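Notes follow the structure.
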Amino acid sequence: MTRNGEHAAQWTHEGCQPRRLTWPLYAEYGMGKGIYMGLGSVLFLAFIAALAVFNSWQASNTEQRVIEAQQSIRALEARVSALDQHLRRGVWQGPQAPTPPPESCPGNLLHLAEPFLPEGARQGGTLRRSIGYSSKGFNPLTQHAGDVIEFEAYVGGFFGRYDYADPNRWIADLATCVMVNDDFTEYTIKLRQDVLWHPIQAEYLERSPWLAGEHRLTADDFMFAMQMIKDPAVEGAAPLRNYFEDLERVEKLGDFELRFVWKKKTFQSLAFTINFAPVPRWVYAFDPDGKPYPPELLGQSVNRHWYQHMMGTGPYRFVDYEEGSFVKLERNPAYHGEPGAFDEIVYRVIKSSVQQVAQFEGGELDYVELPAASYKEKIRDAGPRGRYTDALDAEGTPSDGRFGYAIFPRMSYRYLGWNADRVYFADARVRRAMTMALDRELLLDELFMGLGVASTGPLYVKSPEYDDSIQPWPYDPVGAAALLDEAGWKDSTGNGIRDKDGVEFTFTMLCYDYRPEFIAMAEYYKEQLKALGVEMSIQLLDWPALQTRMNNRDFDVVTGGWGLSWHSDAFQIWHSSQADLPEGSNRVGFRNAEADRLIETLRETFDPGERAALFHRFHRIVHEEQPYTFLFADLSVGVWQPNMRNMVFQSIRPHDLSLPWYKALP
């Protein structure tokens, strides 16, 4: 399932520009024309060849020619049969057809050009990582926190996925073939028939022995996933539901074949279809005793289902977790694709980033990300004699026994979200004043140590969809005060706090409790606003509590961040229809009729230049309205132990996917 869902200025990116895929997924945006022309021609040639061979045999009447003729006919029949099989699988055979894909993956999805792991990579061992929080649950259908999305990259599966090396290409996963009609309204998908769901953990089998045994992935699991996404009773699926508003139906054509039918031609139908994940019907449609839930209660049961582990078909199995302590993944021996090197991956829940670094330097963790303060102390100000180095060999490893590090961009941005349904922030002039009252440039330099790129809108800063001609609102307390006066917020009582219609300008910021940089920012901002006659209090929350408050729209302003997809779709976060949706992503109540029209037009626009122009106009509207105070696009500092090898980072999320990594011999 698709979802959207954290060296400084010297980094590049190929951008998010959509590109026409001429093979194997598309042949000039169509696969239907001329697909059977080759078959008729070959059959005709086969007949002529056979007739010629027969006449030659009749003329010579020798045994040798009879044998040769029979061999020729059998060879032609084999070629015709092979061609027929290719055509049935949807392989393009029209004029100017490119070389077909290998027989190991017939159809029109690409395979990874190169394996994740280099030849000779050591297998085995445990990769020890950390996370700052543990989520409320691990069902990707209803939970969308960053850790759940990261785990899904290891545990889950999709029809296909973006190629991490070149995200303009698709890589086959659970599908062998995706056939697309000329106007992108029908996707016929053939599934692998050798994929097994991960086995149920022993703790569940004691209570529910009916779950034991092998369970094969079938079309029913995809049908069930879509049924639950479309069911309004499944509250947690609200952020996913908007992706499929234009989907007319899903048809089951067999146990391993199905068809997605869209109401109209849309740009995102490709990504929304191919990057779709199944949900095991054989688990979630039943109660602990194996009895099917009544249809009218099925959606509600999924919201708080009794099965709490993450289920999937991917290279790692979700085998154990302890709330607030750890999450453990184990290599899947039945995986159908290329496995990772490690036998297991263990994520320790360590709330304090300082403690994460301390455990890393003590040898208890193999990889962490440095917070800004640690980056300043241990790398930026330590000089070439520090314990960390970016002088790495071909395997991404320091040769002198020091810790390795790399600074890499994330497709994400950080923001302060203003709840427009609160009386304080209903006016765009007030929201703009809030932005102008915060010295974001100073904070980026002094608190976040330059680990970010200043951002002015809700798009990836290196995408052509991002309008880099838009300048950030300046830090201007005088201008901010004038805007507040203009909006009617003045100190009419002389107590030092602005008010309007008897309401004092006093509000609360919800802030991450595990990010010291954001806590320091909030404290600084509190003092800046106080000088303007605005009183802000700060409430620190862990991620699950913060997420609940955001989903319930129970906040005045909140610190937040969005991870971005390779191809942008603004509907989920910014369309007015999502502003009143329970647990929807338009949490700040942004409503703008022109923005709605642009968002809807973008879903039907394919030309890259036209898309960029529409996004630029949308970007400017958001900039003027300031539903968010945009802070920056993240830069991360990943650090690793000297024995780690092949430390490469991906251009799309998850950027620190560890499937290419391995450890050297002890």
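Some observations on this one:
- Tally of residues being more than 23 Å from Pro371 (Cβ to Cβ), under 25 Å from the mean Cα position of the chain (by Cα) and of a type in the set (Lys, Arg) across segment 499-554: 2
- Taken as a whole, segment 139-146 holds no residue that is modelled with pLDDT of 75 or more, within 18 Å of Gln650 (Cα to Cα), open to solvent by 20 Å² or more (accessible area, probe 1.4 Å) and within 19 Å of the chain's Cα centre (by Cα).
- Just so you know, in segment 113-130 the residues that are open to solvent by 50 Å² or more (accessible area, probe 1.4 Å) and assigned to a loop (DSSP other than H, G, I, E, B) include one that is modelled with the lowest pLDDT, and it is Ala113.
- The set of residues from segment 588-604 being outside any helix (DSSP H, G or I) and modelled with pLDDT of 95 or more comprises Val588, Gly589, Phe590, Arg591, Asn592.
- Restricting attention to segment 473-488 and to residues that are in a loop (DSSP other than H, G, I, E, B) and touching a helix residue (DSSP H, G or I) at 6+ places or on another chain (Cβ under 7 Å), the residue that is most open to solvent (accessible area, probe 1.4 Å) turns out to be Tyr475.
- From the options Thr508, Thr493, residue that is β-branched (Val, Ile, Thr) and in a strand (DSSP E or B): Thr508
- Asp580 passes every criterion in (1) under 20 Å from Met550 (Cα atoms); (2) surrounded by fewer than 18 Cβ atoms within 10 Å (Cβ to Cβ); (3) in contact with a helix residue (DSSP H, G or I) (Cβ under 8 Å, 6 or more places away or on another chain) apart from (3).
- For Arg331, the conditions (1) within 14 Å of Leu659 (Cβ to Cβ); (2) at pLDDT below 95; (3) open to solvent by less than 60 Å² (accessible area, probe 1.4 Å) are fulfilled apart from (2).
- Of Gln359, Gln308, all but one fail to be of a type in the set (S, T, N, Q) and in a loop (DSSP other than H, G, I, E, B); the exception is Gln308.
- Among the residues of segment 260-273, those that are crowded, with 16+ Cβ neighbours inside 10 Å and more than 17 Å from Ser568 (Cα to Cα) comprise Phe260, Trp262.
- Selection of segment 280-313 for residues being farther than 20 Å from Ala212 by Cβ and either of a type in the set (Gly, Ala, Ser) or within 20 Å of the chain's Cα centre (by Cα) (or both) yields Gly299, Ser301.
- Answer residue from segment 367-392, given it is among the hydrophobic types (A, V, I, L, M, F, W, C) and assigned to a loop (DSSP other than H, G, I, E, B) and is surrounded by the most Cβ atoms within 10 Å (Cβ to Cβ) among those: Leu370
- Segment 242-259: number of residues that are at pLDDT 95 or above and open to solvent by 40 Å² or more (accessible area, probe 1.4 Å): 9
- Some residue of segment 342-354 being within 22 Å of the chain's Cα centre (by Cα), at pLDDT below 90 and either open to solvent by less than 50 Å² (accessible area, probe 1.4 Å) or hydroxyl-bearing (Ser, Thr, Tyr) (or both): no
- Residues being touching a Lys or Arg at 6+ places or on another chain (Cβ under 9 Å), open to solvent by 10 Å² or more (accessible area, probe 1.4 Å) and farther than 16 Å from Leu416 by Cβ - total across segment 583-600: 2
- The set of residues in segment 533-565 being in a loop (DSSP other than H, G, I, E, B), surrounded by fewer than 21 Cβ atoms within 10 Å (Cβ to Cβ) and in contact with a Phe, Trp or Tyr (Cβ under 9 Å, 6 or more places away or on another chain) consists of Gly533, Asp542, Asp556.
- Candidates in segment 496-507 are the residues that are touching a strand residue (DSSP E or B) at 6+ places or on another chain (Cβ under 8 Å) and open to solvent by 40 Å² or more (accessible area, probe 1.4 Å); of these, the one that is nearest to Gly560 (Cα to Cα) is Thr506.
- Segment 216-239, subset open to solvent by 30 Å² or more (accessible area, probe 1.4 Å) and among the aliphatic types (A, V, I, L, M), residue nearest to Met311 (Cα to Cα): Met223
- Restricting the first member to segment 539-564 and to residues that are among the acidic types (Asp, Glu), and the second to residues that are in a loop (DSSP other than H, G, I, E, B) and open to solvent by less than 10 Å² (accessible area, probe 1.4 Å), the beta-carbon pairs closer than 6 Å and six or more apart or on different chains are Asp556/Asn419.
- Considering residues of segment 182-215 that are hydroxyl-bearing (Ser, Thr, Tyr) and out of contact with any Pro (no Cβ under 6 Å at 6 or more places or on another chain) only, the residue surrounded by the most Cβ atoms within 10 Å (Cβ to Cβ): Tyr187
- The one condition in (1) more than 30 Å from Ser352 (Cα to Cα); (2) crowded, with 21+ Cβ neighbours inside 10 Å; (3) aliphatic (A, V, I, L, M) that Leu635 fails to fulfil: (1)
A quick yes/no check of all residues on (1) of a type in the set (A, V, I, L, M); (2) closer than 20 Å to Phe649 by Cβ:
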{"position": "Ser352", "(1), (2)": "no, no"}
{"position": "Gln356", "(1), (2)": "no, yes"}
{"position": "Gln359", "(1), (2)": "no, no"}
{"position": "Ala394", "(1), (2)": "yes, yes"}
{"position": "Ser412", "(1), (2)": "no, yes"}
{"position": "Gly417", "(1), (2)": "no, no"}
{"position": "Ala428", "(1), (2)": "yes, no"}
{"position": "Met434", "(1), (2)": "yes, no"}
{"position": "Asp439", "(1), (2)": "no, no"}
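- Residue among Arg414, Arg431, Arg348 that alone is part of a helix (DSSP H, G or I) and among the charged types (D, E, K, R): Arg431
- Residue within segment 444-458 that is touching a Ser or Thr at 6+ places or on another chain (Cβ under 9 Å), assigned to a loop (DSSP other than H, G, I, E, B), surrounded by 18 or more Cβ atoms within 10 Å (Cβ to Cβ) and at pLDDT below 95 present: no
The values are calculated or read from the model by the stated rules, or taken from the named source; none is laboratory data. On a predicted model such as this, the values are computed, not experimentally measured, just so you know. Virtual Cβ from ideal backbone geometry, glycine too; neighbours counted across all protein chains shown. The area values use the complete protein model at the heavy-atom level, side chains included, leaving out ligands, DNA and RNA. Shrake-Rupley method; radii C 1.70, N 1.55, O 1.52, S 1.80 Å.
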